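Student: Below you'll find the structure I mean.
The values are calculated or read from the model by the stated rules, or taken from the named source; none is laboratory data. Given the structure is predicted, the values throughout are model-derived calculations rather than measurements. Here Cβ is always computed from backbone atoms with ideal geometry, including for glycine, and neighbour counts include all displayed protein chains. Quick note on the areas: whole protein, heavy atoms, side chains included, nothing else; ligands and nucleic acids left out. Shrake-Rupley method; radii C 1.70, N 1.55, O 1.52, S 1.80 Å.
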Amino acid sequence: MEEAKGLVKHVLLAKFKDETPPDQIEQLIKGYANLVNLIEPMKSFHWGKDVSIENLHQGFTHVFESTFESTEGIAEYIGHPAHVEFANLFLPCLEKVAVIDYKPTIVRT
């Protein structure tokens with residue numbers, strides 16, 4: 001097994017507050033996606049809603065995944081004014097949040 005070179009994933013699991021209207025959620029997701037255009041170390045962004053049949057989501061409904069070239073890139077992203085401004089809008093709308101950063105590992109069999 002080996003770590004993928006120059007790749008770090010930043011994964012955020014979220015459950016929006018019940019009182020957050022769907023149109024506001026949609027605008028927040030668009031704002032999150034736009035960070036890839038504003039913050040150079042952020043190389044890509046994907047998101048989706050939970051569709052698992054296992055019922056192990058622990059209440060989380062949305063997943064957001066960003067790709068960076070290094071953990072230093074994530075640190076730069078976290079401190080970037082555009083991220084700070086967005087987080088101040090996004091986080092108050094969440095009931096639950098969990099964040100994990102990891103380096104993907106390639107398994108060769």
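Student: Among the residues of region 67-78, is any within 10 Å of A14 (Cα to Cα), at pLDDT 95 or above and open to solvent by less than 50 Å² (accessible area, probe 1.4 Å)? Don't jump to the end; show me each part of the working.
Tutor: As a first pass, look at region 67-78 and keep what is within 10 Å of A14 (Cα to Cα): none.
No.
Student: Under 6 Å between Cβ atoms, which residue pairs at least 6 apart in sequence (or on different chains) link something in region 64-80 that is closer than 14 Å to K43 by Cβ with a partner that is part of a helix (DSSP H, G or I) and not β-branched (V, I, T)?
Tutor: Y77/H83
Student: Can you pull out the residues in region 13-35 that are touching a Leu at 6+ places or on another chain (Cβ under 9 Å) and either open to solvent by less than 30 Å² (accessible area, probe 1.4 Å) or on the phi > 0 side of the Ramachandran plot (or both)?
Tutor: Passing the criteria: A14, F16, T20, L28, G31, Y32.
Student: If you don't mind, another one. Only one of K49, K9 is in contact with a Pro (Cβ under 7 Å, 6 or more places away or on another chain), modelled with pLDDT of 95 or more and of a type outside the set (G, A, S). Can you tell me which? Please lay out each step first, then the result.
Tutor: Details: K49 fails: in contact with a Pro (Cβ under 7 Å, 6 or more places away or on another chain).
Answer to the selection: K9.
Student: Additional query: Is region 36-59 home to any residue that is among the polar types (S, T, N, Q), under 17 Å from L13 (Cβ atoms) and open to solvent by 70 Å² or more (accessible area, probe 1.4 Å)?
Tutor: Let us first name the residues in region 36-59 that are among the polar types (S, T, N, Q), namely 37, 44, 52, 55, 58.
The next check asks that each one be under 17 Å from L13 (Cβ atoms); those that pass are 52, 55, 58.
If we keep only those that are open to solvent by 70 Å² or more (accessible area, probe 1.4 Å) as well, we get 55, 58.
Yes; the residues of region 36-59 include at least one that is among the polar types (S, T, N, Q), under 17 Å from L13 (Cβ atoms) and open to solvent by 70 Å² or more (accessible area, probe 1.4 Å).
Student: Could you list, in sequence order, the residues of region 89-104 that are closer than 19 Å to F45 by Cα and open to solvent by 70 Å² or more (accessible area, probe 1.4 Å)?
Tutor: Within region 89-104, L89, L91, V97, V99, I100, D101, Y102, K103 qualify.
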